[in-house]
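Remarks on the structure that follows.
The values are calculated or read from the model by the stated rules, or taken from the named source; none is laboratory data. Note that this is a predicted model, so its numbers are computed, not measured. Here Cβ is always computed from backbone atoms with ideal geometry, including for glycine, and neighbour counts include all displayed protein chains. We work out accessible area using only protein heavy atoms, side chains counted, and drop any ligands, DNA or RNA first. Shrake-Rupley method; radii C 1.70, N 1.55, O 1.52, S 1.80 Å.
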Amino acid sequence: MTESVKKKKPVPDETPMMQQYQSIKRDYPDAILFFRMGDFYEMFNEDAKTASKILEIALTSRNKNQANPVPMCGIPHHSSNLYISKLVKQGKKIAICEQVEDPKLTKGLVKREVVRVITPGTVLEDHLLDPKSPHYLASVYIGKDGTGLAAVDLSTGEFRVTEIQDSKSHHLLADELNKLDPREVIAPESILNEEGSGIQGWGSYCLNPCEDWTYSHGEAYRHLTDHFKTHSLEGFGCEHLKNAISAAGALIRYLRDTQKSALQHVNTLSTFNLHSYMWLDQATVNSLELVKASDGDRNHSLLGLLDETCTPMGARRLKEWILKPLVDRTAIENRLNGVTVFHDNLMDRNDLRSHLGHIYDLERLLGRISLSACSPRDLTALKSSLAVLPEIKQTLQRCDSKDLQRFIESWDNLESVHQQIDHMIVDDPPYNLKDGHLIKPGCHEQLDRLKSISRDGNQSIAALEARERERTGISQLKVGFNKIYGYYIEVTKKNLDRVPEDYIRKQSLVNCERYISPELKQHETEITGAEEKILALEQELFQQVRQAVAAEGKRIQSMALLLSELDAMASLAEVAHRHQYTRPSLKDGNELRFVNGRHPLVEQIDPANPFIPNDTTLDCDSNQIMVITGPNMAGKSTYLRQVALITLMAQIGSYVPADEAELGLVDRIFSRVGAQDHLLKGQSTFMVEMNEAANILNNATRQSLIILDEIGRGTSTFDGISIAWSMVEYLHGPDRIGAKTLFATHYHELTELEETLAGVNNFNVQVKEWNDEIIFLRKIAPGGADKSYGIQVARLAGLPEKVLKRAHEVLFNLENSEYDEVGVPKIGRSEETPAATGPQQMGLFATLPSPLVQKLKEIRPDELTPREALEKWYEVLEILKDG
């Protein structure tokens, strides 16, 4: 909200409460204001209309009898999470306005303030978070010399930033946002309103504009240094990244404005470079099904296969590894060494995974604790998690491996944090802070004294009940309590004649009367006063513990990172052991050599039907490009993806599905496999294919791996062959791109490239033909395929036999290019459609009669004398001589 916004004058007939509402609402015009009134959150005007539709609740109105009734709706406070989640999923902001004074202690209007603004990217509640995926809020700033990108996961405190300085920064930004998959993106208003800014390439995220001045470098720099309490940003590695600083500073300001807190757990900023990881564009991530399958199912993706983690932290770390494979050999070897330790030590791996199973999500527990959004059970969950740390350390020490030494040296059992919680908080606290009974006895003298009064007070009430029974002679007299009347004495109707004069009647029921007495009221004052003080003091002590734990946030986050890495490595080791994967060998140079490689996902589809493995040898010299032919369904696409996935798995530090795997590091993997129409963007399959092909040709390097499937099939045959042919030539050799390439095609003409380009080699997927049927052997062999077997594949699909028979006829005619006697192509002939017998139009290129034939047709033998016949014969001979 800008300072220039004028304060709206209150309408004369508005109540003080509605004036208060309007005043608060003006500061949050783009949010639905949840206005606390007693046990309900109320919404008014346009907020009420919007919310009632989304939440499917009744829309009513205030001042129904006036000329302009105010639309309103409300929800119960205790069930607000359900309604908030529905609004957030629709991309709405919700401003939570609470009563910040006790109505019992306030005369007149209760003070209200917005304590938090919930947006799609800032939710903290478990039911709105995917435990196995980060929940990012991203900030984008597009400057004249590059693009800044910042992302924070408020639920964990992770904060990262990068700057893209490239002529194609819009495409790189879209790819990076696709990997981050943020739930909300903020950007300057001017960028979001600018046509041609490339926003359409960002994805279908919830976009929220921020005022441009919040992205100014000076303002953003000040917000960051104030937040981290530093003089500069040198320590975070981003001092010189002006666009990144603009994005990050605006993000911190946005969080402060929405969360109304100091963001204590967002305590560091990590700067990363896109070139520090293997570059995977959006098409490659999707076609290789890295984090979700084509049907959107996570379980059928590479992540679903490799994720056997025991903690949510480990699952999120593994997802990050898959989307950001390493390109530094030392880093990959270090990760592989850790995986090897757990792969080779079954008992230690099982012990580690068993202990990790008792660890809660430390990162998100800390997030809620730091933002005062935690329950008492969050603290005990943290305590029980910390109790397992010494046992995990012992397991690591028992492994006795130098490859785990960095974990042991950095280990922190967090005993002091465990003791703080264990000393104060009961082992099984209630979920709600206001329910009380949180603090252990013996922790606080005043609290113990108040609890003694409350406990003894109950005993004194029981003693009073006994005395009154004896005094009145009413054996069924009893003392009860409710929230409306407090303590009362209940007497049945038949005993009313025995009620003493000092009893004061408070309530009449069907079968009894309820009274109070001076002595009972005195007891009530002492007891209820003690209970209110107990509740307030317990909440105060709880906040002290919460603040003390939050102050140890860096230590907790450091241990969470170590545990997540251990969990991810143990998961990779478990999967490798289960599926008989092999440790890859990293080599200098650019060769990829896989022996009996397998597709990690396809081989799991039908374990009873063994997967047929294949070898691969690729380099940038004599084995640079594999042109692979073969029929549909034979396994060309599977083979292409399998080579890419084995390479990627090796560079995330995983074992791979092959008997042997040696590889030089790859800087990028490009995949143009499969086609998905971008109809909503007005792009055809062919246009998508060409866009992705252009991206490959413009960005691939000699160190890249490229897999291409059926390039050019979306247009005419001749155009497709021409494009595919020229692409192979462009990718070929050191003078062009020279990248390792697998090129699957149905264009058999491309097999001729082997004869003209060194390093281009033909391969085919073998099949066996028998009785006009084919058996797929799934084996890659040198040489090109001689047939496409399309009709045989059509038979497998169940096409009618009549269609298949006719297809054979057409194929025969096409392959022989036959024409009939009058120049009509025989492709149009069949047994059911005999050739026409009437006059036919001469084809444009029909053969003209020869001079000899013309001469013979002119001769009339019956009209010639013997000498004329002889002369005609000599003319014929002359024509033959000339021809």
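Could you tell me what percent of the accessible area of the chain is made up of carbon and sulfur, with a 1.4 Å probe and every protein chain present?
Its accessible area is 50 percent carbon and sulfur atoms.
Can you give the helix-only mean residue ellipticity at 222 nm for the chain, where every DSSP H stretch with n ≥ 4 adds -39500 (n - 2.57) and the sum goes over all residues, rounded to the nearest 500 deg cm²/dmol? Intermediate results must be reported in sequence, preceding the final value.
Values: 28 runs with 361 residues, N = 883.
It lands at -13000 deg cm²/dmol.
Output needed: percent of Cα pairs per 10 Å distance bin for region 278-351, bins running from 0 to the one holding the longest distance.
Per 10 Å bin, starting at zero, the Cα-Cα P(r) for region 278-351 comes out as 17, 41, 34, 8, 0 percent.
Cα-Cα pairs above 20 Å in region 395-527: how many percent?
When all Cα pairs of region 395-527 are counted, 64 percent exceed 20 Å.
Measuring from label point to label point, each 7 Å out along Cα→Cβ, what is the S204 to R467 span in nm?
For S204 paired with R467, the spin-label model returns 7.3 nm.
If I take R0 = 41 Å and measure r between the Cβ atoms of N432 and K494 in this structure, what FRET efficiency does the formula 1/(1 + (r/R0)^6) give, to the nearest 0.05? Show your work: numbers first, answer last.
Details: r = 42 Å, r/R0 = 1.03.
Taking R0 as 41 Å, the efficiency between N432 and K494 is 0.45.
Place the peptides 89-98, 701-710, 109-118, 479-488 in order of packing, highest mean first, counting for every residue the other Cβ atoms within 10 Å and averaging per peptide.
In decreasing order of mean packing, 89-98, 701-710, 109-118, 479-488 become 701-710, 89-98, 109-118, 479-488.
Can you run phi through the Karplus equation (6.51, -1.76, 1.60; θ = phi - 60°) for region 598-609 and list ³J(HN,Hα) in whole Hz, with x for Gly and Pro?
9, 7, x, 8, 5, 5, 8, 5, 9, x, 6, 10
Taking the Cβ-Cβ separation of T701 and L59 as r and a Förster radius of 41 Å, what is the calculated FRET efficiency to the nearest 0.05? Don't jump to the answer; show the numbers that get you there.
Values: r = 60 Å, r/R0 = 1.46.
Between T701 and L59 the formula returns 0.10.
If you stretched the chain out fully between H77 and S460, how much longer would it get, using 0.36 nm times the residue separation minus the C-alpha to C-alpha distance?
Between H77 and S460, full extension yields an extra 134.3 nm.
Need one value: the accessible area of I453 in square angstrom, 1.4 angstrom probe, rounded to the nearest 10.
Per-residue accessible area (I453): approximately 60 Å².
Give me the orientation-averaged projected area of the Cα convex hull of region 176-320, in nm², one decimal.
10.7
Can you give me the pair-distance distribution of region 240-371, C-alpha pairs, 10 Å bins, whole percents?
It works out to 9, 25, 34, 26, 5, 0, in whole percents.
Determine one quarter of the surface area of the Cα convex hull of region 601-671, which equals its mean projected area, and express it in nm² to one decimal.
Value for region 601-671: 5.8 nm².
So how compact is region 108-198: Cα radius of gyration and Dmax in angstrom?
Just the Cα atoms of region 108-198 yield Rg and Dmax of 16.3, 62 Å.
How would region 322-368 be classified by its alpha-carbon gyration tensor: rounded, prolate or oblate, with rounded meaning a/c under 1.5 and the a/b versus b/c comparison settling the rest?
Judged from the Cα gyration tensor, region 322-368 comes out oblate (a/c at least 1.5, b/c at or above a/b).
May I ask which residue of S585, L562, Q544 lies farthest towards the positive end of the charge dipole of region 503-603, with charges of +1 (Lys, Arg) and -1 (Asp, Glu) on Cβ and the Cα centre as origin?
Highest projection toward the positive end goes to S585.
What whole number of Å gives the distance from the Cα centroid of region 484-505 to the Cα centroid of region 564-608?
One Cα centre to the other: 80 Å.
Using the Cα centre of region 219-315 as the reference point, and only Cβ charges (+1 on K/R, -1 on D/E), how large is the resulting charge dipole? Debye, rounded to the nearest 20.
So the dipole magnitude of region 219-315 works out to roughly 500 debye.
Compactness ratio of the chain: Cα Rg over 2.2 N^0.38 Å, N = residue count?
Working it through for the chain, the quotient is 1.37.
Running Debye on region 5-110 with equal point scatterers at the Cα sites and no solvent, what base-10 log of I(q)/I(0) appears at q = 0.11 Å⁻¹?
So the normalised log intensities are -0.35.
Round to a whole angstrom and tell me the spacing of the C-alpha centers of region 362-399 and region 30-51.
Each part's Cα centre sits 37 Å from the other's.
Determine one quarter of the surface area of the Cα convex hull of region 454-588, which equals its mean projected area, and express it in nm² to one decimal. Mind showing how you got there, number by number?
Working: hull surface 70.8 nm².
Mean projected area of the Cα convex hull: 17.7 nm².
Counting other Cβ atoms within 10 Å, keep those with at most 10, restrict to DSSP loop, and tell me which GluC sites (Glu not before Pro) in region 152-249 are left.
Filter output for region 152-249: E195.
Highest mean first, how do 348-360, 241-253 rank when packing is the count of other Cβ atoms within 10 Å averaged over residues? Don't jump to the answer; show the numbers that get you there.
Numbers: 348-360: 18.8, 241-253: 26.5.
Per-residue mean Cβ counts within 10 Å order the peptides as 241-253, 348-360.
What's the ranking of 223-233, 618-628, 863-873 by average number of surrounding C-beta atoms within 10 Å, highest first?
On the way: 223-233: 15.7, 618-628: 20.5, 863-873: 10.5.
By packing density, highest mean first, the sequence is 618-628, 223-233, 863-873.
Roughly speaking, what is the centre-to-centre gap between region 67-132 and region 210-273 when only Cα atoms are used, to the nearest Å?
27
With a 1.4 Å probe and every protein chain left in place, work out the accessible area per residue of the chain in Å², rounded to a whole number.
Result: 50 Å² per residue.
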